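Notes to accompany the following structure.
None of the figures in this text is laboratory data; all of them are computed from the coordinates on show. Nothing here was measured: the structure is a model prediction, and the numbers come from that model. Neighbour counts run over all protein chains shown; Cβ positions are idealised from the backbone, glycine included.
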Amino acid sequence: MNISSLNIRKWSMLGQRGTAFGVAMPEIASKMDNVKLLTADLALLSGMDRYVSMYPDKFLNVGIAEQNMIGIAAGLAMEGDVVFATTYASFIAVRSLEHVRQHLSYLKCNVKLIGSSAGVVAAKSGVSHWATEDIAFMRALPNIKVFSPADCLETVKVMEYAASTDEPMYIRLSGGLNCPIVYKEDYEFEPGKMVCLSEKKGDVAVIATGLMVSESVKAVKLLEEKGVDCTLYNMHTIKPLDKETLDEIFADYKLIVTVEEHNVIGGMGSAVSEYKAIKESSPRQVFVGFDDCFLDAGSQRYVLEQAGLTYEKIASRIEAEWEKRK
Amino acid sequence: MSFTRNTDDVNNIKAMAKRMRLNALDMALESGNNGSHLGGGLSCIEILAVLYGKVMDYDVANPEKFERDRFIPSKNHCVLAHLPALCEAGYIEKNELLEFQKDGGRLTGYPMRKEIGLEYSGGSLGMAISVGIGIALKFKEKKVDNKVYILLGDGELNEGSIWEAFMSAAHYHLDNLVAIIDRNHLSYDGDTEEVMGIEPLSTKLESFNWHVTECDGHDVESLFEAFDDVLEGKPHVIVAETVKGKGVSFIENRREWHHHRLSKDEYEQAIEEITKA
């Protein structure tokens, strides 16, 4: 894959979903015979046209039948295929959940679930098309790894990694078209290893995932201007949890803030806190995310603002929590 | 494809079915107070006997060879017929059969263990046919002429995703996929037509573009003919008319025997009835 600044900008325009299916998948299929891409009537929306015309024999559209899609994916995987199966995150992670539990989690079929439009990308479509519980469902299933890339370059890296392993996994794609760029140039992606995105300074560690990484980059900048120094981490792999880096964070900071476009119950913040709870002493944690609620539909910024997930809101929340601590 | 057969074949399968029923009863007795799925096991004995005794192409010595037919149990309540069939095929020994519910055993919980012929671990109904479609698609791609056989329960047809699967198998013209419906007319709570009706079943399946064959699911010759009745370009479904608990008078057509404990006295009576039949 040619990682140039031009491509990084082009991929950003396509968004994480367009990059995954319009860029990464054709590349993967060009190198692998035994790959399949399955969709539930979302080929056009997902930018698969190029893939479908190049690799019609490595593609299957099962129609609007998500459960059947996961079962078919499992059957293909049992016979040696590396299967990528995708639809909206809410449908793949919730409607198909029992098929996922049976076939990916229990029987370990080599299927990569790709949930697109995770979080509230489809903000105006309303709650039916949002996914703010998908991490919780997937994280609770044994044998399934959970990835949540921060931008389009990271999406490419996660997809390439997915194709290279025989493990079932869930890849959560967030953000829409014109997805903010976190990585302006190539970087080292190590599955299961958090990335520190800033100079290590201050007493507050901000851990973000998915679209919230770019939002947190801006929040951290804003806080710096206000005299609150923070260090920002990108948790692109939610499961398995990067315990090594978390140990360092627990030792080095006085406040931990987790930021996710997801319910605060069961998500990335919960994963961090479950590990933190077993430590003899560790810093306090603030959960920034959907506060166990659904919200009214509207523009993406409107919904994120209601949820407290715009960079301004994230910054003011961290500032207030830090003030409280002092 | 046609299955060449003679009178000996029919008699051999009948004898095999009888041994399988006796083994099923031994297994039921061994499960003690846990009870077991006798009703739905006894209803599909002949179906499994015909599959493993004649129809299917498999190699016990080479259980993961790609070019083999697959049997995917969708109604996992067929365990008391399936494991005795695997014993007849030579995948497992009789003594292991009796340990099918023992802690630490290879058969407990009906796992997927391809090395002993267990191709799939189901249990939750309605999911396996989709997996079978995936396998059948791979067979087509690899241009092997093996088949996927899926055993479905009739009560199981209440599950919605099964109909997603029926729709797609016909859409992909999977004439290497054979679904057998064990039409014993009883789900756990009673007559399927009282709990949640599925009739007119054959008409429904035909309207989903499947090739439908009806047969007597306890008559070996009728089953042979049904498996022979194939049509190019369409998935094949056999609606096998059966009796839940077939072969044991006090179990036949009794909903409480869906899952039940078998006492020593009942066991002895059942063995006598089957031996004399």
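Some notes on this structure:
- DSSP-defined antiparallel bridges as percent of all bridges, the protein assembly as shown, nearest 5: 15
- Cβ-Cβ FRET estimate between A:Val127 and A:Glu160, R0 fixed at 41 Å, reported to 0.05: 0.80
- Ranking of A:Lys193, A:Lys324, B:Lys147 by count of other Cβ atoms within 10 Å, fewest first: A:Lys324, A:Lys193, B:Lys147
- In terms of packing, defined here as the mean over residues of other Cβ atoms within 10 angstrom, the peptides A:296-304, A:182-190, A:81-89, B:242-250 line up highest first as A:81-89, B:242-250, A:296-304, A:182-190.
- Note on A:Lys108: aspartates and glutamates with a C-alpha under 12 Å away, same-chain residues under 8 apart excluded, are A:Asp166, A:Glu167.
- For segment A:127-169 and segment B:88-123, distance of Cα centres in Å: 34
- With a 10 Å cut-off around each Cβ of A:73-84, the average count of Cβ atoms from other chains is 5.
- Spatially, segment A:279-326 and segment B:211-250 are offset by 61 Å when compared through their Cα centroids.
- The dipole here belongs to chain B: it is taken about the Cα centre, uses +1 on the Cβ of Lys and Arg and -1 on the Cβ of Asp and Glu, and is about 720 debye.
- Two-decimal ratio, segment B:199-264, of alpha-carbon radius of gyration to 2.2 N^0.38 Å: 1.44
- Normalised size of the protein assembly as shown, defined as Cα radius of gyration per 2.2 N^0.38 Å with N residues, equals 1.11.
- The mean count of C-beta atoms from other chains within 10 Å of the C-beta of residues in B:135-143, rounded to a whole number, is 4.
- A crude spin-label estimate for the pair A:Ser53 and A:Ile3, with each label 7 Å from Cα along the Cβ direction, gives 2.9 nm.
- Extension gain, A:Tyr302-A:Tyr106: 0.36 nm per intervening residue step, less the Cα-Cα distance, totals 66.6 nm.
- Dipole of the protein assembly as shown [Lys/Arg +1, Asp/Glu -1 at C-beta], most positive-end residue of A:Tyr311, B:Thr213, B:Gly40: A:Tyr311
- Shape call, segment A:195-325: gyration tensor on alpha carbons, a/c limit 1.5: oblate
- Residue order, fewest to most surrounding Cβ atoms within 10 angstrom, among B:Arg255, A:Arg172, B:Arg68: B:Arg255, B:Arg68, A:Arg172
- Of all lysines in the structure, the ones whose alpha carbon falls short of 27 Å from that of B:Lys234, not counting any fewer than 8 places away in one chain, are A:Lys36, A:Lys58, B:Lys54, B:Lys65, B:Lys75, B:Lys138, B:Lys140, B:Lys142, B:Lys143, B:Lys147, B:Lys204.
- Volume in Å³ per residue [convex hull over Cα atoms, computed for segment B:51-148]: 91
- Positive contributions from Lys and Arg (+1) and negative ones from Asp and Glu (-1), summed over other residues with Cβ under 13 Å from the Cβ of B:Gly190, come out at -3.
- The calculated FRET efficiency for the pair A:Ile265 and A:Met13, based on their C-beta separation and a Förster distance of 45 Å, comes to about 0.85.
- Computed from the C-alpha gyration tensor, the three semi-axes of the ellipsoid equivalent to segment A:5-172 are 21, 19, 15 Å, from longest to shortest.
- Student exercise, segment A:195-325 dipole from Lys, Arg, Asp, Glu Cβ charges, in Debye to nearest 20: 100
- Beta bridges by DSSP in chain A, antiparallel share as percent, to the nearest 5: 10
- Point-charge dipole on Cβ atoms (K/R +1, D/E -1) for segment B:116-212, about Cα centre, debye to 20: 700
- For A:Gln67, the shell of other residues with beta-carbons less than 10 Å away shows a net charge of -3, using +1 for Lys and Arg and -1 for Asp and Glu.
- The GluC sites (Glu not before Pro) of segment B:45-118 that DSSP puts in a loop, and whose beta carbon has at most 14 other beta carbons within 10 Å, are B:Glu64, B:Glu67, B:Glu93.
- Exercise: per-residue mean of other protein chain Cβ atoms within 10 Å, B:155-163: 2
- DSSP beta bridge pairing in chain B, given as percent antiparallel to the nearest 5: 15
- Contact order for segment A:5-172, expressed relative to its length and based on alpha carbon pairs under 8 Å spaced 6+ residues apart, stands at 23 percent.
- In plain terms, if you count all Cα to Cα distances in chain A and split them into 20 Å steps from zero, the share in each step is 34, 58, 8, 0 percent.
- Proximal charge balance of A:Ser214 [Cβ under 12 Å; K/R count +1, D/E count -1]: -1
- With both labels modelled 7 Å from their Cα along Cα-to-Cβ, the A:Glu199 to B:Thr203 distance reads 7.9 nm.
- For B:Lys65 and B:Thr108, the FRET efficiency from 1/(1 + (r/R0)^6), where r spans their Cβ atoms and R0 equals 25 Å, is about 0.45.
- Working from label points 7 Å from Cα in the Cα-to-Cβ sense, the A:Lys254 to A:Tyr275 distance is 2.4 nm.
- Footprinting exposure proxy for A:Glu27, B:Glu193 (fewest neighbouring C-beta atoms within 10 Å first): B:Glu193, A:Glu27
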